[in-house]
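J.: Here's a structure for you.
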Amino acid sequence: MSDEILAINGGQPYRTKSFPSVGNASGRMLGDEEIALLTEVIREGKLNRVGGTKVAKLEAEFAAIYGAKHAIAATSGTAALHVAMGTLNLEPGDEVITTTITDMGTVIGILMCNLVPIFADVDPRTGIITAETIAKQITPKTRAIIVVHLFGQMADMDPILALAKKHNLIVIEDCAQAHMSEYKGHTAGTMGTMGCFSFQQSKQMTTGDGGMVITNDDDLAYRARLFADKGWPRTGTDYRGHLFLGPNYRLTELQGAVGLAQVRKIGEIVARRRRSAELLAKLLKEIPGVNPPYITPGANPTWWIFSFTIDEKALGVSSADFGKAIRAEGAPFGVGYIPNPVFEYPVIAERKTFGTSGIPWTLPQARPGITYDRKDYPGTMQVLTHTFTMSWNEGMTEDDARDIAGAIAKAAKHYRAQKG
Ligand SMILES: Cc1ncc(COP(=O)(O)O)c(C=O)c1O
């Protein structure tokens, strides 16, 4: 299986077999249950959610497993976050603090509502914003915070919630990558005012694309439901009144059917992810020069991505070169996650938003002169250049974890020996 010579130097790779993938059936728990519910929808011939049963049941069961009062489905995680922002009905030019390391979907809802995104730096150990980094970005225009539980790990929520309370800020949890992750006995999405989820292909549960918003607030839930349905109440005297501006983010019954089968499996999916990932974390702890994933005290993650770092000095190798070595051994880790902080994408850096207006930054209500510069984000740059990441899934076995640890151990041993 392996010799001492690194595969990048012409040796045998530690592992040659590919790993299960979230991109197909190998790493997904999709099967007869989804097919049965989908078949019901097709036989009934009713594919849209209005008046249907599947999306409504998915919402009810999703709310139940989170212990939330309300769940409102949407067509994607991006849509769910847009629903959350639209539901708050903030004033154009108001500011929302979020993170530099996330999918663009976190920021799109902010911009769509003419709100100005403000970026807090991340803790280099987790890639997640903290009360300390958020506090530095609060201004008189700040109204809300979107916390992203990156990689399925958890933000340290207690100090963030305390800070938000002190400054009267709304907290939205972006749980797109953190379905069923826990923090001090609370499930992700239940600590803030609203929690937003993605059901995109790679997420812990999937409908291909899809999303969900949860909340315990009756008024916000009512508004969120309308926002995702063109502002249309569909009841009483307001039956055909479009009460305010909102898009159509209605999930279909086809997606509802798959989501319903998936939500019934989420416990098993999460248990499988934890079993293999926790073993890998344990094995990495035993390798000198390798730092296993840092877990926020009190958190129990659900492993969307498995991440770790190395002590470059102890191993005498750069993270970039170590990455090349372990990939050649058959452990498919990238370095970083997204290529740059989100504010360097053209949409933000070049203000490619609404025509050539530069809105929301140029709004008269907005704080003038807002710019973003990577030199103000040392934690972010550390994560993007030094954190090894590999997509995780419920198809990963304990043998897979042992192979990955073996490949990493082989490379670490080589560099330690070379260093002398
Ligand atoms: C943290 C985070 N937020 C938002 C999104 C957007 O979700 P979607 O791709 O379903 O629109 C994603 C998707 O990857 C994500 O990872």
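J.: Computed FRET efficiency, Cβ-Cβ of A36 and N9, R0 60 Å: what is it to the nearest 0.05?
T.: Efficiency at R0 = 60 Å is approximately 0.70.
J.: May I ask for the angle, rounded to the nearest 10°, between helix 398-419 and the longest principal axis of the chain, with both axes built from Cα atoms and the value confined to 0 to 90°?
T.: That helix lies at roughly 50 degrees to the long axis.
J.: Another question, then. Rounded to the nearest 500, what is the 222 nm mean residue ellipticity of the chain from helices alone, with -39500 (n - 2.57) per DSSP H run of 4+ residues and division by all residues?
T.: About -11000 deg cm²/dmol.
J.: Using a 7 Å offset from the Cα along the Cα-to-Cβ direction at both T356 and K282, what is the distance between the two label points in nm, to one decimal?
T.: 6.2 nm
J.: Given a Förster distance of 41 angstrom, what is the FRET efficiency for R143 paired with N24, based on the Cβ-Cβ distance and rounded to 0.05?
T.: 0.50
J.: What full-extension length gain, to one decimal in nm, is calculated for D311 and R234 as 0.36 nm per residue of separation minus the Cα-Cα distance?
T.: Going from the current span to full extension adds 21.9 nm.
J.: With the chain treated as a Gaussian network of Cα nodes joined by springs under 10 Å, which of R240, R49, R274 yields the largest mean-square fluctuation?
T.: With Cα springs under 10 Å in the chain, the top fluctuation among R240, R49, R274 is at R240.
J.: With charges set only on the Cβ (+1 for Lys and Arg, -1 for Asp and Glu), what does the dipole of the chain come to about its Cα centre, in debye to the nearest 20?
T.: With Lys and Arg at +1 and Asp and Glu at -1, about 140 debye.
J.: Show me 341-349, 318-326, 106-114, 35-43 ranked by packing, highest mean number of other Cβ atoms within 10 Å first.
T.: Top of the packing list down: 106-114, 318-326, 341-349, 35-43.
J.: Let me know the charge dipole size of the range 32-265 about its Cα centre in debye, to the nearest 20, where only the beta-carbon of Lys, Arg (+1) and Asp, Glu (-1) is charged.
T.: That gives the range 32-265 a dipole magnitude of about 420 debye.
J.: In the chain, if the dipole is taken from +1 on Lys/Arg beta carbons and -1 on Asp/Glu beta carbons about the Cα centre, which of H186, V41, V270 is farthest to the positive end?
T.: So the residue furthest toward the plus end is V41.
J.: Measure nothing but the geometry: give the 0 to 90° angle between the long axis through the Cα atoms of 218-227 and the longest principal axis through the Cα atoms of the chain, rounded to 10°.
T.: Here the helix axis deviates by roughly 90 degrees.
J.: Just how many % of Cα pairs in the range 32-265 lie over 25 Å apart, if you round to the nearest whole percent?
T.: Of all Cα-Cα distances in the range 32-265, 38 percent exceed 25 Å.
J.: Taking the inverse of the average 1/r across all pairs of different Cα atoms in the range 253-312, what Kirkwood radius in Å do you get?
T.: Taking the inverse mean of 1/r over all distinct Cα pairs, the range 253-312 comes out at 13.5 Å.
J.: Over 29 Å between Cα atoms: which of K285/K313; K54/K230; K265/K413 fall into that group?
T.: Correct reply: K265/K413.
J.: Same structure, new question: If you take the charge dipole of the chain about its Cα centre, with +1 on Lys and Arg Cβ and -1 on Asp and Glu Cβ, which of L384, I108, G336 is farthest toward its positive end?
T.: Farthest along the dipole direction, towards plus: I108.
J.: Another question about this same structure. Take peptides 377-387, 145-155 and line them up by average Cβ neighbours within 10 Å, highest first, as a rough protection proxy.
T.: Packing proxy ranking, top to bottom: 145-155, 377-387.
J.: What whole-number value in Å² describes the accessible area per residue of the chain for a 1.4 Å probe?
T.: 41 Å²
J.: Kindly express, to the nearest 10 degrees and within the range 0 to 90, the angle between helix 32-44's C-alpha long axis and the longest C-alpha principal axis of the chain.
T.: 30 degrees
J.: Indicate, rounded to the nearest 5 percent, the antiparallel portion of the DSSP beta bridges found entirely in the range 32-265.
T.: Beta bridges within the range 32-265, antiparallel portion: roughly 45 percent.
J.: While we're on this one: Compute from the Cα atoms of the chain the Rg and the Dmax, the latter being the longest Cα-Cα distance, and quote both in angstrom.
T.: Cα-based Rg and Dmax for the chain come out at 22.4, 80 Å.
J.: I'd like the Karplus ³J(HN,Hα) series for the range 259-264: coefficients 6.51, -1.76, 1.60, θ = phi - 60°, whole numbers in Hz, and an x wherever there's a Gly or Pro.
T.: Along the range 259-264, the couplings run x, 5, 5, 5, 5, 6 Hz.
J.: So how far apart, in nm, are the two label points at D218 and E91 if each is 7 Å from Cα heading toward Cβ?
T.: About 2.9 nm separates the two model spin labels.
J.: Here's another thing I want to ask about it. How much length would be gained if the chain were fully extended between V50 and K136, taking 0.36 nm per residue of separation minus their Cα-Cα distance, in nm to one decimal?
T.: Between V50 and K136, full extension yields an extra 26.5 nm.
J.: Still on this structure, I have one more. Which aspartates and glutamates have a Cα lying under 17 Å from the Cα of K46, excluding residues fewer than 8 positions away in the same chain?
T.: E34, E253
J.: Using a 1.4 Å probe on the protein heavy atoms only, what accessible surface does L280 show? Give it in Å² to the nearest 10.
T.: Its heavy atoms expose roughly 0 Å² to the probe.
The values are calculated or read from the model by the stated rules, or taken from the named source; none is laboratory data. Just so it is clear, the structure is predicted and the values come from calculations on it, not from any experiment. Cβ: placed from backbone, ideal geometry, glycine included. Neighbour counts: every protein chain shown. Heads up: the accessible areas ignore ligands, DNA and RNA and are worked out on the full protein's heavy atoms, side chains in. Shrake-Rupley method; radii C 1.70, N 1.55, O 1.52, S 1.80 Å.
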